[in-house]
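Working notes, structure below.
The values are calculated or read from the model by the stated rules, or taken from the named source; none is laboratory data. Predicted, not measured: the structure shown is a model, and the values here were computed from it. Cβ placement follows ideal geometry from the backbone for every residue including glycine, while neighbour counts extend to all protein chains displayed. Just so you know, the surface numbers come from the protein's heavy atoms only, side chains and all, with ligands and any DNA or RNA stripped out. Shrake-Rupley method; radii C 1.70, N 1.55, O 1.52, S 1.80 Å.
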Amino acid sequence: MPDFVSIREVGPRDGLQNEEPIPTDAKVRLIDALSRTGVRRIEAVSFVHPKAIPQMADADEVWQRAEKADGVRYSALVPNSRGARRALAAGFTEIEVVVSASDTHNRRNVNRSTDESLDDIAELIDLLHTGGATAEVIVATSFGCPYEGDIDPLRVAAIVDRVARDGADRVAFGDTTGMGTPRRVRELLTAVRDRNAHLPVLLHFHNTRGTALANMLTAMELGVTEFDASVGGLGGCPYAPGASGNLATEEAVHMLYDMGIDTGIDLDALVGAAELAESLVGKKLPSGVLRAGPRTRLTPLPA
């Protein structure tokens with residue numbers, strides 16, 4: 001097992017985009033609270049057309065007003081060259097683009113085929129590199145699709161082949177539907193690493209079927225040390241019917257804390273941020289740690 005696991009907090013973007021829009025002030029408060037937890041990476045906003053994702057319509061203002069904490073790396077998601085230019089102009093140096101392994105989901109998401117998106121991403125990678133930013137390619141529906149069902153790991157590996165040739169700096173695999181299981185995680189990572197072992201990998205799990213922590217543990221056993229998680233378990237996918245929230249950040253940190261694996265994150269501060277997120281969205285969030293309260297955390301075992 002690794003000594004350190006890096007968690008990218010995605011609640012402000014991936015989490016909030018699946019909720020009813022909340023005020024700009026509330027988004028800034030959430031980012032600022034998360035910045036004070038010790039988390040090293042935060043996905044802050046996405047630069048998308050407001051008609052597509054109205055929850056992110058105020059991305060420029062949110063980012064301008066948010067406090068940028070020392071030691072925290074902030075990133076943004078972009079769908080196209082217009083969004084990429086906005087992100088670069090805002091000062092982001094870590095930028096994500098997304099493509100779905102499922103052709104049907106990709107068409108529902110961005111109204112084009114997977115191959116067409118990959119052509120666009122090749123141009124986006126060049127644009128981002130020219131602007132001084134890194135390009136992470138997120139492969140959504142890597143473990144299954146709400147429309148097509150199972151996804152062949154070799155199809156995902158072929159997408160990684162393409163984006164690696166086009167210059168992607170890293171890849172992430174999204175369990176958009178929560179269909180991932182330890183077996184699927186093992187098969188996907190094996191298929192990808194057989195062909196692109198050099199490329200940094202991050203995993204993004206949803207907890208729709210209650211397997212997110214098991215999947216995370218399996219990936220760690222295979223050497224993965226970077227994961228997405230969302231405060232309180234916020235999130236889902238507007239183009240994946242039935243997909244529930246992301247892996248809750250505090251659930252992941254609680255498990256790692258008890259295993260003696262460092263994340264740099266203060267669990268009590270994180271639970272406080274989750275309580276804030278719950279109040280801002282106006283509903284109970286699915287996190288088990290949040291329900292139990294911060295004082296139930298365990299004494300960590302020696303690493």
Mind telling me which of I53, I265, I95 comes out most flexible in a GNM of the chain, alpha-carbon contacts under 10 Å? I53
Of the residues M216, M259, M56, which exhibits the maximal mean-square fluctuation in a Gaussian network model of the chain defined by a 10 Å Cα contact cut-off? M259
One point scatterer per Cα, no solvent, Debye formula: log10 I(q)/I(0) for the chain at q = 0.13 Å⁻¹ comes out as -0.86
Using the structure shown, list the pairs from K27/K51; K68/K284; K27/K68; K51/K283 with a Cα-Cα distance above 22 Å, or answer none. K68/K284; K51/K283
Can you compute the label reach from R36? Point 7 Å from Cα along the Cβ direction, backbone N cut-off under 15 Å, restricted to the stretch 246-282. 266-277
Can you give the accessible area per residue of the stretch 59-133, in Å², using a 1.4 Å probe? 49
In whole Hz, with x marking every Gly and Pro, tabulate ³J(HN,Hα) for the stretch 44-54 from phi via Karplus 6.51 cos²θ - 1.76 cosθ + 1.60, θ = phi - 60°. 8, 8, 10, 9, 10, 5, x, 6, 7, 9, x
Report the full-extension gain for the segment Q64 to E221: residue separation times 0.36 nm, less the Cα-Cα distance, to one decimal in nm. 52.6 nm
Could you work out the relative contact order of the stretch 25-180, using alpha carbon pairs under 8 angstrom and six or more residues apart, expressed as a whole percent? 19
R291 to H129: FRET efficiency via 1/(1 + (r/R0)^6), r the Cβ-Cβ distance, R0 51 Å, to the nearest 0.05? 0.70
For the stretch 106-236, with all protein chains present and a 1.4 Å probe, just round the carbon and sulfur fraction of the accessible area to a whole percent. 45
Here the membrane-span-like helices of the chain, with no claim about any membrane, defined by DSSP H, Cα axial extent at least 20 Å and mean Kyte-Doolittle at least -0.5, are 114-130, 267-281
Have a look at S142, V185, I22 and report the one farthest towards the positive end of the charge dipole of the chain, computed about the Cα centre with Cβ charges (Lys/Arg +1, Asp/Glu -1). I22
Per GNM of the chain with C-alpha springs under 10 angstrom, the most fluctuating residue out of L203, L34, L222 is L222
With every protein chain in place, the stretch 8-54: carbon and sulfur % of accessible area (1.4 Å): 51
On a full-extension model of 0.36 nm per residue, what is the gain between R195 and D258, subtracting their alpha-carbon distance, rounded to one decimal in nm? 19.2 nm
Beyond 25 Å, what percent of the Cα pairs of the stretch 54-201 remain? 31
Counting other Cβ atoms within 10 Å, which GluC sites (Glu not before Pro) in the stretch 57-155 have at most 16 and lie in a DSSP loop? E67, E148
What number, rounded to the nearest 500 deg cm²/dmol, is the helix-based mean residue ellipticity at 222 nm of the chain, given -39500 (n - 2.57) per DSSP H run of at least four residues and division by all its residues? -12000 deg cm²/dmol
Check R40: other-chain or 5+ apart residues with amide H under 5 Å from its amide H, H built from backbone geometry? I7
Projected area, mean over directions - the stretch 1-138, Cα convex hull, nm²: 9.2
With every atom except the alpha carbons ignored, what do you get for Rg and Dmax of the stretch 135-208, in angstroms? 11.4, 33
Simple Cβ-charge dipole of the stretch 177-267, Lys/Arg +1 and Asp/Glu -1, about Cα centre, in debye nearest 20: 520
Over the chain, relative contact order from alpha-carbon pairs under 8 Å, at least 6 apart, %: 20
